[in-house]
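Student: I'd like to ask you about the structure that follows.
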Amino acid sequence: MKTIFSTSRTSSAATAAQPGKNAMTEEIAPADTTSAPPRLDVSHLAKTYGMGDKARTVIEDLTFTVDAGEVVCIVGPSGVGKTTLLKCLAGLHPSSSGRAAIDGRTISGPPPEMALVFQDYNRSLMPWLTVRKNLMLPLRHLHLSAAELKERCDDALAAVGLSHAEHQYPWQLSGGMQQRVAIARALAYRPEILIMDEPFASVDAQTRFDLEDLCLKIRRDFNMTILVVTHDIDEAVYLADRVVVLGSKPARVLRIVDVDLPAPRDQITTRSLPEFARQRTDVLSLIKRPA
Amino acid sequence: MKIQPKTLLTSAAGFLVAVAAWQLVATGPMAGGPLPTVTSVAVNLAAVVVTEAFWTSLATTVGIALLGLLTSAVAGIALGILVGSFEPFRYATVAVLEFLKPIPPIVILPLVVLVLGPTGQMSWFLVFLGCLLPIIMQTVDGVHDADPVARDTARSYGLKEPEILLRVVLPSAMPFIGTAIRVAAPGALIITVVAGLLGGGPGLGQSIYQAQAGGDYPTLYALVIVLGVLGMFFQGATSAVERRMLHWHESFREAAHR
């Protein structure tokens, strides 16, 4: 699996994505040329809706980075503006001030190297398309060869363990399976950065564990950079290399917590480590504490 | 979609009662009047359906109604998507559309006859106009009903607006469009017949007019029965097409996928 995904990046995937890349992002000369810029760089990002008296600042001033191959989780109280942040990062909303950049290029539209997984799989998957056709929807405008299209879909479905369900419709599957379809769709797009918005909030606890492990497997197998927004602190600590703790309102970074739990992580052993308990208490006390 | 034998029997009984009531009225209180008996209509019907003229006129009616429905669907969906997706289009058209909505197409029949003459074109144009508005309105509603999460999903994957309209918004609006077309289909048939009856357009309407003008009431009613049956076929066919195209939608899932 590992080789399939990394090799094709250099072939047609890269060439197909290239023209879009230039159109969607502006080249900005990096000020600091001595070290490589972080994959994802959010600096002083702010988002205000409305104007004048009705102006509502959702995000005050966010600064954090995500390095290549890292899993970063963003946690914060509900309604803090996490989804707004992701929409800015995904290029769906323009930010009001500050900037978000990928490899030093300011994000001004949906970046071709990024894929987004939404919480509401039943709203994000198209009910009139079979699983396989849902996977193909974002690939059409890349003008891939039929062979590559098939390969990408087959690989992505195999990675999430849904090869058998390719001809079914999303609504014929369970919630957990539907979210796996949504993840497979993102994988077939072969992004370098995967962004997930509360991806496991609408599934049962057991499925949630499975999907968390799937997320770690994807990072391992495809060397993907993953940013997950969640309100579940245990989940954040279990998944992340670093946890960005947000405070409300408007959203700002309270602290960035480094999680140094040993890899590979395991639902039973990792979660029973004293270190795990300490980390989650740290994060929880940050959120619980009145700002 | 399986019909129970019991349901079928009840339907048949209801139908027979209606026919018997007709026969009773025609032979009893209205005997000798303009209402012919069931038997004489049946005899005439049998005589009519073997003539070539009947089949030509039937085919003409069906052809005009279908063509009118099809063209209004294509134009209505395209216009509906434009009006539903782009604010300037909406504001530019809202007054005209709301004004035209309550006006039945028959009102402009004299004008259309004047311009196009008693032709098939005239009938088609009336059908087109009559079906167009409801299809536009429903398409606009369907476009507004498209899930913003589905749109955001498509946008985040770099789909451009035309592709989003075609592959996300249009399918989302299909349940609304399907209902509009199913409701418009009998209307298309009615307008075709009325255009023949009152405007002299070709088809069954014209045949009915001729039977009426010649005082041939049994033939007149035979043709009305043909129209009734035709209407049922139209309704059945459009429902079947809708069920097939929207098999993925909540309201059809059970029937289409066990």
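Student: With respect to A:Pro94, is the statement that it is open to solvent by 10 Å² or more (accessible area, probe 1.4 Å) and either more than 9 Å from chain B (Cβ to nearest Cβ) or part of a strand (DSSP E or B) (or both) true?
Tutor: Working: open to solvent by 10 Å² or more (accessible area, probe 1.4 Å): yes; either more than 9 Å from chain B (Cβ to nearest Cβ) or part of a strand (DSSP E or B) (or both): yes.
Criteria met by A:Pro94.
Student: Next question, about the same structure. Residues A:Pro138, A:Pro199: which one is in contact with a strand residue (DSSP E or B) (Cβ under 6 Å, 6 or more places away or on another chain) and either farther than 30 Å from A:Ala240 by Cα or buried (at least 16 other Cβ atoms within 10 Å of the Cβ) (or both)? Steps first, answer last, please.
Tutor: Details: A:Pro138 fails: in contact with a strand residue (DSSP E or B) (Cβ under 6 Å, 6 or more places away or on another chain).
None of the other options fit; the residue is A:Pro199.
Student: When the residues of region A:166-177 are narrowed to those that are away from every other protein chain (no Cβ under 14 Å) and in a helix (DSSP H, G or I), which ends up most open to solvent (accessible area, probe 1.4 Å)? Lay out the reasoning, then the answer.
Tutor: Of the residues in region A:166-177, the ones away from every other protein chain (no Cβ under 14 Å) are A:166, A:174-177.
Of the ones still in play, those that are also in a helix (DSSP H, G or I) are A:175-177.
Values: A:Gly175: 22, A:Gly176: 8, A:Met177: 45 Å².
Per the stated criteria, the residue is A:Met177.
Student: Could you list, in sequence order, all residues of region A:97-112 that are surrounded by fewer than 19 Cβ atoms within 10 Å (Cβ to Cβ) and within 14 Å of chain B (Cβ to nearest Cβ)?
Tutor: If the condition is that a residue be surrounded by fewer than 19 Cβ atoms within 10 Å (Cβ to Cβ) and within 14 Å of chain B (Cβ to nearest Cβ), then A:Ser108, A:Gly109 are the ones that fit.
Student: Next question, about the same structure. Could you list all residues from region B:65-94 that are small (Gly, Ala, Ser) and open to solvent by less than 70 Å² (accessible area, probe 1.4 Å)?
Tutor: Of the residues in region B:65-94, the ones small (Gly, Ala, Ser) are B:65, B:68, B:72-73, B:75-76, B:78, B:80, B:84-85, B:92.
The answer is B:Ala65, B:Gly68, B:Ser72, B:Ala73, B:Ala75, B:Gly76, B:Ala78, B:Gly80, B:Gly84, B:Ser85.
Student: Residue check: is A:Ile218 open to solvent by less than 10 Å² (accessible area, probe 1.4 Å) and modelled with pLDDT under 90? Can you show your working first?
Tutor: Details: open to solvent by less than 10 Å² (accessible area, probe 1.4 Å): yes; modelled with pLDDT under 90: yes.
Answer is yes for this residue.
Student: Then there's this: Any residue in region A:113-123 that is out of contact with any helix residue (DSSP H, G or I) (no Cβ under 8 Å at 6 or more places or on another chain) and open to solvent by 10 Å² or more (accessible area, probe 1.4 Å)? Walk me through it before giving the result.
Tutor: Taking region A:113-123 as the starting set, the residues that turn out to be out of contact with any helix residue (DSSP H, G or I) (no Cβ under 8 Å at 6 or more places or on another chain) are A:119.
Then drop every residue that is not open to solvent by 10 Å² or more (accessible area, probe 1.4 Å), which leaves A:119.
Within region A:113-123, one or more residues are out of contact with any helix residue (DSSP H, G or I) (no Cβ under 8 Å at 6 or more places or on another chain) and open to solvent by 10 Å² or more (accessible area, probe 1.4 Å).
Student: Is it true that A:Asp266 is charged (D, E, K, R) and in contact (Cβ under 8 Å) with a residue 12 or more places away in the chain?
Tutor: no
Student: Right, here's the next one. Select from region B:142-183 the residues that are open to solvent by 10 Å² or more (accessible area, probe 1.4 Å), farther than 21 Å from A:Asn122 by Cα and more than 14 Å from chain A (Cβ to nearest Cβ) and list them in ascending order.
Tutor: Selection gives B:Thr179, B:Ile181, B:Arg182, B:Val183.
Student: So, one more: Among residues belonging to region A:252-291 that are in contact with a Ser or Thr (Cβ under 8 Å, 6 or more places away or on another chain) and modelled with pLDDT under 85, point out the one that is nearest to A:Leu227 (Cα to Cα).
Tutor: Filtering region A:252-291 down to residues in contact with a Ser or Thr (Cβ under 8 Å, 6 or more places away or on another chain) leaves A:253, A:261-262, A:276, A:291.
Checking which are modelled with pLDDT under 85 leaves us with A:253, A:261-262, A:291.
On the way: A:Val253: 15, A:Leu261: 18, A:Pro262: 19, A:Ala291: 25 Å.
Across region A:252-291, the extreme among qualifying residues is A:Val253.
Student: Return a yes/no flag: does region A:193-210 have any residue that is farther than 23 Å from B:Pro148 by Cβ, assigned to a loop (DSSP other than H, G, I, E, B) and modelled with pLDDT of 90 or more.
Tutor: No.
Student: Might you let me know whether region B:145-158 holds any residue that is farther than 25 Å from A:Pro138 by Cα and assigned to a helix (DSSP H, G or I)? Reasoning before the result, please.
Tutor: In the first step, residues of region B:145-158 are kept if they are farther than 25 Å from A:Pro138 by Cα; the result is none.
Within region B:145-158, none of the residues are farther than 25 Å from A:Pro138 by Cα and assigned to a helix (DSSP H, G or I).
Student: Can you tell me how many residues within region A:205-223 are closer than 22 Å to A:Asp120 by Cβ and touching a Pro at 6+ places or on another chain (Cβ under 8 Å)?
Tutor: Going through region A:205-223 one residue at a time, the tally reaches 2.
Student: Here's a check for you: in region A:141-152, which residue that is assigned to a helix (DSSP H, G or I) and more than 22 Å from the chain's Cα centre (by Cα) is surrounded by the fewest Cβ atoms within 10 Å (Cβ to Cβ)?
Tutor: Here the residue is A:Ala146.
Student: Oh, and also: One residue is enough: does region A:238-251 have a residue meeting the conditions touching a Phe, Trp or Tyr at 6+ places or on another chain (Cβ under 7 Å), at pLDDT 90 or above and not assigned by the TED database to the domain that holds A:Cys153? I'd like the intermediate steps shown before the answer.
Tutor: Here is the first cut: in region A:238-251, the residues touching a Phe, Trp or Tyr at 6+ places or on another chain (Cβ under 7 Å) are A:244.
After this cut, where a residue has to be at pLDDT 90 or above as well, the list is A:244.
Now narrow it down to the ones that are not assigned by the TED database to the domain that holds A:Cys153: A:244.
Yes, some residue in region A:238-251 is touching a Phe, Trp or Tyr at 6+ places or on another chain (Cβ under 7 Å), at pLDDT 90 or above and not assigned by the TED database to the domain that holds A:Cys153.
Student: Name the residues in region B:203-243 that are open to solvent by 40 Å² or more (accessible area, probe 1.4 Å), in contact (Cβ under 8 Å) with a residue 24 or more places away in the chain and within 26 Å of B:Leu116 (Cα to Cα), would you?
Tutor: B:Gln206
Student: Shifting gears a bit: Hey, any hits in region A:153-163 for a residue that's within 13 Å of chain B (Cβ to nearest Cβ), surrounded by 19 or more Cβ atoms within 10 Å (Cβ to Cβ) and either modelled with pLDDT of 90 or more or within 30 Å of A:Ala46 (Cα to Cα) (or both)? Please lay out each step first, then the result.
Tutor: So in region A:153-163, the residues within 13 Å of chain B (Cβ to nearest Cβ) come out as none.
Among the residues of region A:153-163, not one is within 13 Å of chain B (Cβ to nearest Cβ), surrounded by 19 or more Cβ atoms within 10 Å (Cβ to Cβ) and either modelled with pLDDT of 90 or more or within 30 Å of A:Ala46 (Cα to Cα) (or both), which makes the answer no.
Student: Ok, one more. Quick check on my filter: what residues within region B:3-12 are within 18 Å of B:Met232 (Cβ to Cβ) and either touching a helix residue (DSSP H, G or I) at 6+ places or on another chain (Cβ under 8 Å) or surrounded by 10 or more Cβ atoms within 10 Å (Cβ to Cβ) (or both)?
Tutor: Within region B:3-12, B:Thr7, B:Leu8, B:Thr10, B:Ser11, B:Ala12 meet the criteria.
The values are calculated or read from the model by the stated rules, or taken from the named source; none is laboratory data. This structure is a prediction, so every number in the text was calculated from the model and none was measured. Cβ atoms come from the backbone with ideal geometry, glycine included; neighbour counts cover every protein chain shown. In case anyone asks, the SASA skips ligands and DNA or RNA and just uses the protein heavy atoms, side chains included. Shrake-Rupley method; radii C 1.70, N 1.55, O 1.52, S 1.80 Å.
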